[in-house]
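What follows is one structure encoded as structure tokens, with my remarks underneath.
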Amino acid sequence: MPILIETLRTAFAGHLFTDDADKAPFLIDWRGKWTGKALAVVQPDSTEDVAAVVRWCVANDASVVPQGGNTGMSGAATPDESGRAVVISLARMNRIRDVDAINNTMTVDAGCVLQTIQEEAARRDRLFPLSLSAEGSCMIGGNLSTNAGGVGVLRYGNARELCLGLEVVTADGEIWHGLRGLRKDNSGYDLRDLFIGAEGTLGIITAATLKLFPLPRARLCAWATVATVDDALSVLALAQKKVGARLTAFELMSNDCVDLLLEQFPQLRWPTSERSAWYVLIEISDPDSDVNANAALESILEMALESELVSDAAVATNLAQAREFWALRENMGEAQVKAGKNIKHDISVPISKFPSFIKTTNRHIESQFSDARMIVFGHLGDGNLHYNVSPKTGAKGERFTEIEPLVNRIVHDAVIACEGSISAEHGLGVLRRNEALRYKSDVEMKMQRAIKQALDPRGIMNPGKGMGAV
Ligand code: FAD
Ligand code: 2HG
Ligand code: ZN
């Protein structure tokens with residue numbers, strides 16, 4: 001049936017792009033790894049208009065691809081090649097709807113940029129703790145649809161834990177008003193949790209009610225050198241014992257990461273006099289003062305230095321320095337992309353298993369692929385590492401596309417042997433959809449498919465992505 005795109009113009013207010021040049025930025029992911037086609041890209045202004053577009057898609061046998069900031073890592077926001085998709089960009093739905101300072105909640109449109117939400121919370125003397133390097137462009141609807149993690153999970157949890165209620169346009173084009181600011185609600189199946197992490201395959205999130213926390217008066221960080229991942233874990237345990245919930249981030253980077261980072265971003269400042277095999281970035285937040293935060297950090301470092309877990313450390317003494325420390329960590333993923341060919345993994349295992357996992361799997365990959373350079377960094381405190389691979393310095397990685405499935409197999413088999421996950425925070429998208437099928441049990445797949453069938457019986461929501469594809 002030929003689709004009469006003109007009729008979409010009259011279905012809703014807001015932007016409609018049908019020219020190739022206008023659509024182009026929405027049809028490719030930021031890494032340039034995936035491209036697709038679309039009948040149109042729309043930017044509605046309201047939930048009612050999102051619903052009207054979905055109803056138009058149902059009537060015209062078109063599919064729907066929701067898109068936020070298009071910063072995702074798994075190709076889940078890029079339409080497929082069929083040309084039958086309408087991309088619904090939430091960018092124009094960017095209002096803060098309400099802040100309830102007593103209930104510690106904020107209700108926002110799905111197209112609100114994460115950083116705008118953080119800034120609004122801070123203006124109200126509150127904290128919205130979701131934090132990731134893409135926060136200046138990713139949107140809360142995308143954060144929730146990928147159940148984003150980032151650097152605050154250790155203390156505050158993933159995006160899922162930070163959301164109390166949702167407003168959703170269903171695959172039928174109806175509106176579910178679930179914007180409840182409740183911390184307790186056992187009145188049925190948890191529909192909110194189905195849409196969170198669903199990668200746009202069950203419905204479109206149009207608004208969310210988010211949890212706010214007291215704004216800490218102080219946030220301080222330190223950069224420390226450690227010889228082994230075992231030592232890094234001992235420092236983590238020490239920090240947890242000494243300061244408990246005041247430990248708000250604990251990130252790990254290997255020396256190979258730092259080499260690659262400084263090759264790509266030579267302007268970044270190096271904080272310690274020594275280099276070592278591994279580095280940790282430790283962040284402490286304190287509700288009261290810099291003095292308390294500093295004392296907590298110093299006490300961790302003193303003990304870690306005394307027990308020779310850490311060989312060198314630097315504490316950021318002001319905000320500018322803290323930003324410099326964080327820049328070393330936050331630019332890592334992009335440095336790898338800038339450097340050229342790359343293979344990325346987003347894995348989680350119980351943290352106790354990381355030392356042997358890394359040792360064995362590094363050896364396995366390096367022995368099979370002589371041009372591979374292990375680029376291992378991430379959220380150690382959450383048991384989530386980006387266990388990535390780049391070509392060695394000077395090598396172009398011509399074989400990288402060819403070896404990627406083989407490398408994935410080695411890494412993911414090792415992850416599953418450790419009872420881990422092949423996607424900790426980035427989602428399955430198109431990148432990992434088939435791998436999920438390989439590693440999940442028949443019983444789990446049956447339940448996953450039943451959910452998809454129940455909520456999107458026509459299969460129009462983001463076809464080919466994540467659990468919706470298998
Ligand atoms: P998009 O990329 O636009 O979409 C992602 C998925 O959500 C797609 O499936 C899309 O269809 C769906 N979607 C988007 N909006 C909606 C909606 N309103 N309703 C239903 N479905 C929707 N991720 C982490 O978890 N932790 C990190 O530390 C992290 N760091 C990053 C650093 C950089 C430099 C970059 C570029 C990315 C990083 N990411 C990280 C990945 C990415 O930023 C997150 O996954 C983010 O949450 C995606 O948000 P987005 O608005 O860009 O979503
Ligand atoms: C991060 O933690 C992101 O920096 C990106 O999740 C990871 O680029 C990557 O592999
Ligand atoms: Zn990450």
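Collect the residues in segment 126-165 that are of a type in the set (V, I, T) and either in a strand (DSSP E or B) or touching a Ser or Thr at 6+ places or on another chain (Cβ under 6 Å) (or both), keeping them in residue-number order.
V151
Check every one of the helices (runs of 4 or more DSSP H) wholly within segment 369-470 and list those with 1 or more residues that are within 16 Å of ligand 3 (Cβ to nearest atom).
Qualifying helices (runs of 4 or more DSSP H): 400-417.
Regarding S74, is this residue under 20 Å from V430 (Cα atoms) and either away from ligand 3 (no atom under 16 Å from the Cβ) or surrounded by fewer than 24 Cβ atoms within 10 Å (Cβ to Cβ) (or both)?
No, not satisfied.
Do you know which of the residues in segment 416-427 that are within 19 Å of the chain's Cα centre (by Cα) and not polar (S, T, N, Q) is surrounded by the most Cβ atoms within 10 Å (Cβ to Cβ)?
G427
Quick check on this structure: which one of I102, I117, I88, I96 is more than 16 Å from ligand 2 (Cβ to nearest atom), without any contact (Cβ under 8 Å) to a residue 24 or more places away in the chain and of a type outside the set (D, E)?
Testing whether each residue is more than 16 Å from ligand 2 (Cβ to nearest atom), without any contact (Cβ under 8 Å) to a residue 24 or more places away in the chain and of a type outside the set (D, E) leaves just I102.
Would you point out the residue of segment 160-206, among those that are of a type in the set (V, I, T) and within 26 Å of Q118 (Cα to Cα), that is nearest to ligand 3 (Cβ to nearest atom)?
I196
Could you please find all residues in segment 313-363 being aliphatic (A, V, I, L, M) and in contact with an Asp or Glu (Cβ under 6 Å, 6 or more places away or on another chain)?
I343 - this is the single residue of segment 313-363 that is aliphatic (A, V, I, L, M) and in contact with an Asp or Glu (Cβ under 6 Å, 6 or more places away or on another chain).
Filter segment 36-56 for residues that are assigned to a helix (DSSP H, G or I) and within 17 Å of I205 (Cα to Cα) and give the result.
T47, E48, D49, V50, A51, A52, V53, V54, R55
Just checking, how many residues over segment 375-402 are without any contact (Cβ under 8 Å) to a residue 60 or more places away in the chain and surrounded by 16 or more Cβ atoms within 10 Å (Cβ to Cβ)?
9
Scan segment 100-125 for residues that are assigned to a strand (DSSP E or B) and buried (at least 19 other Cβ atoms within 10 Å of the Cβ) and jot them down.
Passing the criteria: T105, M106, T107, V108, D109, V113.
Go over the candidates A198, A207 one by one and state the one that is under 26 Å from D109 (Cβ atoms) and part of a strand (DSSP E or B).
The match here is A207.
Given the conditions (1) among the aliphatic types (A, V, I, L, M); (2) part of a loop (DSSP other than H, G, I, E, B); (3) within 16 Å of ligand 1 (Cβ to nearest atom), and given that I347 satisfies all but one, which numbered condition is not satisfied?
So the condition that I347 fails would be (2).
When the residues of segment 314-350 are narrowed to those that are within 16 Å of ligand 3 (Cβ to nearest atom), among the aliphatic types (A, V, I, L, M) and surrounded by fewer than 19 Cβ atoms within 10 Å (Cβ to Cβ), which ends up farthest from K33 (Cα to Cα)?
A327
Output the residues belonging to segment 15-27 that are outside any helix (DSSP H, G or I) and either buried (at least 18 other Cβ atoms within 10 Å of the Cβ) or of a type in the set (F, W, Y) (or both).
L16, F17, L27
In segment 38-78, how many residues are more than 16 Å from ligand 2 (Cβ to nearest atom), in contact with a Gly (Cβ under 6 Å, 6 or more places away or on another chain) and within 18 Å of H15 (Cα to Cα)?
Residues meeting the conditions: 8.
Being buried (at least 18 other Cβ atoms within 10 Å of the Cβ) and either free of Cβ contacts under 8 Å to residues at least 24 places away in the same chain or more than 16 Å from ligand 3 (Cβ to nearest atom) (or both), is that true of even one residue in segment 147-159?
no
Here, each number is a calculation from the coordinates, and none is a lab measurement. Not measured: the values here are computed from a predicted model. All Cβ positions, even for glycine, are placed from backbone atoms using ideal geometry, and neighbour counts span all protein chains on display.
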